[in-house]
Amino acid sequence: MRERAAIRGRIAARASAILAPAEMRHLALIVAVTGCLAAVGLTGCGSSNSSSSGSGGATVSSSTSPIHFAKTKFLIHAGLAFGAFHHFIYEPIKAGVLKHPFFHKLTLIKAGLAALFIYHELKLAAADIRASKILSTLFSPLIAVANKLSALKSALVSGCASPSDITNLNSQLTSIGSTAASKGQSISQALPSAAQLASGG
């Protein structure tokens, strides 16, 4: 051991005598980086083995849990969309509140924000059930209502929305809800928070 230490000392002394200080620092950096790469390589091999076995175990449950989770998300997004539509758009226009821009200005602003929010939530709900064997038939109706509501947003804000257009949208949403319920997925309306409404979803 002493002989090896002495040899290493003589080699270091010769290297310091031959190489400039900058070159010595460069050599030390190369040695350090090489050591780190070697350590990472060894660790990476171990982690890849464990991750491959973990991914093999995850594939067993992937056939059922993502589908169930998608249905749950669909019910959440659809419930928020339905609740926002009835509370901020359908009921006010049915009561005649959204007829003129100079009256109930705040109600008109809320209706416009709700239109953006509902559009976003319906798109998410449609995406959730697109691959579902049971609920995929609702994909096109959800997108259709979302697009119609988006087209009516400016009319809602200006107070010029046609009650018949809103009633038609309500009928379409009711039909979607009935179809979902017939397939065992009842949509419960929920009101979004003020923060959710302001952010558009």
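The table below lists the values:
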quantity	calculated
Qualifying positions in the range 147-174 - farther than 17 Å from Lys110 by Cα, free of Cβ contacts under 8 Å to residues at least 40 places away in the same chain and either crowded, with 17+ Cβ neighbours inside 10 Å or touching a helix residue (DSSP H, G or I) at 6+ places or on another chain (Cβ under 7 Å) (or both)	Lys148, Gln172
Answer residue from the range 192-201, given it is part of a loop (DSSP other than H, G, I, E, B) and crowded, with 17+ Cβ neighbours inside 10 Å and is farthest from the chain's Cα centre (by Cα) among those	Pro192
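Any read-out appearing in this document is the output of simple, stated calculations on the displayed coordinates, not a laboratory observation. Owing to the predicted nature of the structure, the values given are computational and were not obtained by experimental measurement. Backbone-built Cβ (ideal geometry, glycine too); neighbour counts: all protein chains shown.
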